[in-house]
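The structure appears below as structure tokens.
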Amino acid sequence: MSKKKIIVFQHVEHEDLENIEVFFSSKKYEFKKIKFFKNQKIPQDLEIFSMMIVLGGPMDTWMEEKYPWLIEEKKSIKKFVVDMEKPFLGICLGSQLLGEVLGAKIIKSKDSEIGFYKVRSNKILNEDKVCNYLPNIFEVFQWHSYEVKKIHDKNFAILASSKNTEVQLFRYKKHAY
């Protein structure tokens, strides 16, 4: 029996999977990490992967001239999430890239959130099959000055918000976070 495979997009060396890798490794998943900071290319055969995880980084979604790999990365996210409808987890920049691919605007935040901030769960989170374990209020370490602007799409659900950022955690359909 072949192992399930997760493709990971890593933007900088110091932002890796950490405990996420420990968790999925214990469930017998294997990883294919695409390290953009080492000029690695995205494979064409995305269908062999069970899940995609896109990590954070100091760049912004609009910095395609400085980071040209963002163009292919966005195309791959769209193919994986929208066309193939496979499980996706976007963290920080990964969340913003997903938002942009889905048609949301990525806007400069009124106030940057750097440090630990309280996030409040929205009622819909209690019914979510992946995130329903989160408490009503929890603290999250953040480092961002751009954010996903809410889009009006019946498949887009805001699961958690903070005082400064309405879209802290969102879900697209039932498979992308």
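The values are calculated or read from the model by the stated rules, or taken from the named source; none is laboratory data. As the structure is a computational prediction, the values presented were derived from the model and not from experiment. Quick reminder, even Gly has a Cβ in these numbers, built from the backbone with ideal geometry, and neighbours come from all protein chains shown. Remember, those area values only see protein heavy atoms, side chains included, never the ligands or the DNA or RNA. Shrake-Rupley method; radii C 1.70, N 1.55, O 1.52, S 1.80 Å.
Residues in segment 61-81 that are farther than 19 Å from K35 by Cβ and either in contact with a Cys (Cβ under 7 Å, 6 or more places away or on another chain) or not in a loop (DSSP other than H, G, I, E, B) (or both): K78, K79, V81.
For (1) without any contact (Cβ under 8 Å) to a residue 24 or more places away in the chain; (2) under 17 Å from the mean Cα position of the chain (by Cα); (3) under 16 Å from Q96 (Cα atoms), each residue gets a yes or a no:
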residue: I20; (1), (2), (3): no, yes, no
residue: K28; (1), (2), (3): no, no, no
residue: F37; (1), (2), (3): no, no, no
residue: D45; (1), (2), (3): yes, no, no
residue: K66; (1), (2), (3): yes, no, no
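Residue check: H14 meets all listed conditions (1) under 16 Å from the mean Cα position of the chain (by Cα); (2) more than 21 Å from Q168 (Cβ to Cβ); (3) part of a loop (DSSP other than H, G, I, E, B) but one, namely (1).
Within segment 129-162, the set of residues being within 22 Å of L97 (Cα to Cα) and more than 17 Å from the chain's Cα centre (by Cα) comprises H152, D153, K154, S162.
For residues in segment 33-46 being open to solvent by 100 Å² or more (accessible area, probe 1.4 Å) and out of contact with any helix residue (DSSP H, G or I) (no Cβ under 9 Å at 6 or more places or on another chain), which is farthest from I77 (Cα to Cα)?
Going through segment 33-46, the residues open to solvent by 100 Å² or more (accessible area, probe 1.4 Å) turn out to be 38-39, 41, 44.
Cutting the leftovers down to out of contact with any helix residue (DSSP H, G or I) (no Cβ under 9 Å at 6 or more places or on another chain) gives us 38, 44.
Numbers: K38: 19, Q44: 12 Å.
Among those that are open to solvent by 100 Å² or more (accessible area, probe 1.4 Å) and out of contact with any helix residue (DSSP H, G or I) (no Cβ under 9 Å at 6 or more places or on another chain), it is K38.
Counting the residues of segment 47-58 that are open to solvent by less than 10 Å² (accessible area, probe 1.4 Å) and either touching a His at 6+ places or on another chain (Cβ under 7 Å) or within 21 Å of S145 (Cα to Cα) (or both) gives 3. The criterion of at least 1 residues that are at positive phi and open to solvent by less than 40 Å² (accessible area, probe 1.4 Å) is met, among strands (runs of 3 or more DSSP E) falling completely within segment 82-177, by 106-121.
Applying a threshold of 7 Å to beta carbon distances and a minimum spacing of six or more residues, or different chains, the list of pairs starting in segment 152-177 at a residue that is free of Cβ contacts under 8 Å to residues at least 60 places away in the same chain and ending at one that is buried (at least 21 other Cβ atoms within 10 Å of the Cβ) and of a type in the set (S, T, N, Q) reads A160/Q168; S161/Q168; S162/Q168.
Of P68, P135, P87, which residue is out of contact with any Pro (no Cβ under 9 Å at 6 or more places or on another chain) and at pLDDT below 95?
On the way: P68 fails: at pLDDT below 95; P87 fails: at pLDDT below 95.
Answer to the selection: P135.
For segment 67-81, a residue qualifies if it is aliphatic (A, V, I, L, M) and crowded, with 21+ Cβ neighbours inside 10 Å, and the qualifying residues are L70, I77, V81.
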